[in-house]
Structure formats: C-alpha cells, structure tokens
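The values are calculated or read from the model by the stated rules, or taken from the named source; none is laboratory data. Since the model is a prediction, treat every value here as computed from it, not as a measurement. Note: ideal-geometry Cβ built from the backbone for every residue, glycine included; neighbour counts use all protein chains shown. Note: accessible area is taken over every heavy atom of the protein model, side chains too, but ligands, DNA and RNA are not part of it. Shrake-Rupley method; radii C 1.70, N 1.55, O 1.52, S 1.80 Å.
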Amino acid sequence: MRRGKLGPRRGKRRTTYFMDSQESAGTPQVCVLLISIALIAFGIYTLVQSTSHTHERIAQLYLDKLGNWSKAREEFSLSTFAIKYDIDNGEAEEMQLMMDERDDKFSSIVEANHLEEYKNMKFWSGNSLPNGTIPTPVFQNNNNPRLGLEIHATSPTGETTAIDLGSYGVGRLKHVHAETPSPQTKCSAHQHGVLNLGTGKCDVYSRLYYVCVQVKLDAAGKWQLHSPTGREEEFGCASVTHWDPTTFKRLTPTQRQAQSDQIISFKDSNFDRIQVHVRHGDDPFFYVESVTQDTLRFGPESGDMRKLAWVLLAIGFIMAIPPLCLFVPLCCGKGKEEEYARLGTDRGGAPMYNHTDVGTSSYTDDQEDEIDELLDGIELTTRT
C-alpha cells in the first residue's frame, strides 16, 4: 500500500482521448450529401422540363380548337340522333338519344387551369338499354350474343343518315397466365378471374359497357363517322385504346375456380347496362386527350417550374456545403494527416491528444511511478 502525501492508490485511471485537428465524417454527413445531390438533380431535371413549355402548348391547342367548337356545338344542338339496336340480327329496336350539356371532368380541368370556359355537349342513351334486351352469355358454350348498332342522324338541314356501327359481342373471355405462387388465391383476388382447373389458366371475364363514336358533317351536310387517324375502323373516343369505340368492364365471378365446362355466375350480371355516346369530331376534348395520352393533364406552367427548380437548386447547394467542407479536407489532406498522427503531433507541432483524467489524482501513471520510486529510495536511505 502506498504511503505519504499521495495517500492510498485507488487503481489505474481511465484516460479518454479526442482529436483536435479534425472531426470524423459519419453517416449523418453522408445522408445530407446524398439528399443534397438528389435535390440538385431534380432541380436540374425540372429546369430542363420547363424549357419544353408543355402547359403553354396544350393550352394554346385547346384555345385554337375552342374557336371551332362554338360553330360545331351549334350544329350539334340543331341535330337529332337515335340508336337502332338488335341482338344476333333479330328484331331491331330504336331509342332516341338524349342531349347532355352537363359539365364533366374535362370542364373542371379547364376551369382549374384558368382557361376559357368549355361547354360540354354530347348525345347519349342513358345508363342502360331497356331491361331484358341482352341475354346473359354462356361463355363455356361459346354462346356470346352480339349487339348490332346503327345510328340514325338528322342534320340541321334535315338530311338523314343511317350510320352502321357493326356488331359487338356483349361478353369477352380472356385466358391469361395465373399469377404464382398460390394461383387459386391470386387469380381471384388480384386478377379478378376464375382459375380454370382444366387448363391451369386464369379466365378473366368482362362485359360490353360503353360505346362512343365521333361524327362530323360531310360536304353534303350529312353526319358521318369521323376518324382522327384516317382509318375507317378507328372512330372511338379514347386515343389510349387506338380509338376503339367499345369499352369493356371486368366482371367479378362468384367462384374462385371451376372446370372448363362449368357455367360461371357473376356478382353483376346485368348485361343491359350499356351506354351509347355520340360526340362531335371537333370537340376540343379529343385534341387535348390525344396530346396528353388520355390523362387530360395540362401540367404546371413553365414559370412555376423554373421557380421550383431554382428553389430546389438553392436548397441542394446550401445543404451540400457542410458535408463538402468536411469531405474535401479529408480527401485532399489524407497523407499529411496520417504523417502527423504517426508523429503524435498536429500541424503546429503541438501534442495531438488531450487527456481527460477520471480519478482523484492529477498525476499521470508515469509520474506516480517515478514518485513511488523516489519515496522508496528515501525510505531506504533513512533506514540505513
């Protein structure tokens, strides 16, 4: 046991060290740098996109076509349309189409973009053909009734036209690959079909839901089908379907799996719910729909995109300053710092480490050992 003024020794002290010359580069600094790079990249992308002036081009196209729409709308309002339909070339029935001038989704989009008002106009049959018109198809027996449609149009000058639209199967069956694993569950839950136990395919059923056509007056003042592409079979109302006049709605079967010859029942089995629409070929809706690929989105204005781009770039560069100030010295002065660390001094020659002592004594271990040896020598001399 130690004697003297130092008192009893209380064990070896713990000493912690920290470096004065530089801070360590950790995960937070790396994350901040990555976020700043992402902001800068998105800012540059937004700035480049602003030069395309997409919003202005679509808005100008709409305004150009809106000038023709007033005259076309007047022609439309002075005309009448009726739909003549039959099942499998049976007895034909006729239904007068109703004029619809209610605001639709496109009207709201135009208003949201602060453009000149769009006034909608079309003719339609209502939500359904008369009940009992179309029998329920039996897909397993290839019993798929076909709906024949013909439009009877009367122009403002009294010219009448019978426009044959052809016939369409009221049901559609597609055999698609069943998702795996667990096709029994995924065919029903994800693909909304029935797993065919005979073929291993997922049978997806749908019904005819919507028929929409475009018409225009010809040189003789008669209404005729209008094709935006010039192809006779493309006279529908959606560019995404290549102007196919028909739209099918998926059916939800009541069973999850069945044999190939088993008759399938559906939760919604009303095949009479078919809408027929007639629209004018000069409707601005079609032109905007075509250039926006059916999204009807004008996009942000170029000025707003540039403002957003500069804000993103400013935030990104400001966020990048602290981590760059840390990483650049670490990369450029790596060799010198290693040499200073080997010598145990900083750039100015001062000791590179400070001491933070934990204990009751202010002396280091080496100093205490020297004092112990000195005390032992004094005690030995006294005894002698």
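So if we plug the beta-carbon distance of Thr252 and Asn141 into 1/(1 + (r/R0)^6) with R0 = 22 Å, what FRET efficiency do we get, rounded to 0.05? Between Thr252 and Asn141 the formula returns 0.55.
The protection proxy used here, the mean number of other Cβ atoms lying within 10 Å of each residue, ranks peptides 75-84, 319-328 as follows, highest first: 75-84, 319-328.
Surface composition of region 118-261: carbon and sulfur make up 47 percent of the accessible area, probe 1.4 Å. Local charge for Val204 was computed over the other residues whose Cβ lies under 11 Å away, with Lys and Arg +1 and Asp and Glu -1, and equals +3. Using a Förster distance of 22 angstrom, determine the FRET efficiency expected from the C-beta separation of Glu179 and Ser265, and round it to 0.05. Taking R0 as 22 Å, the efficiency between Glu179 and Ser265 is 0.45.
Pairs from the table (Lys201/Lys249; Lys122/Lys201; Lys105/Lys186; Lys122/Lys186; Lys216/Lys249) lying more than 31 angstrom apart at Cα are Lys122/Lys201; Lys105/Lys186; Lys122/Lys186. Around Gly67, under 15 Å between beta carbons, what's the net of Lys plus Arg minus Asp minus Glu among the other residues? Charge balance in the 15 Å sphere: -3. Extending 7 Å from the Cα toward the beta-carbon at both Leu197 and Asn89 defines two label points whose distance is 3.9 nm.
Note on region 30-178: antiparallel DSSP beta bridges, both residues inside, total approximately 100 percent of the bridges counted.
Rolling a 1.4 Å probe over the heavy atoms of the protein chains gives region 166-248 an accessible area of 48 Å² per residue.
Highest-first packing order for the peptide set 273-285, 197-209, 130-142 is 273-285, 197-209, 130-142, based on the mean count of other beta carbon atoms within 10 Å.
A simple packing score, the average count of other Cβ atoms within 10 Å per residue, orders the peptides 88-96, 37-45 as 37-45, 88-96, with the highest score first. Summing Lys and Arg as +1 and Asp and Glu as -1 over all other residues whose Cβ lies under 12 Å from the Cβ of Leu149 gives a net charge of -3.
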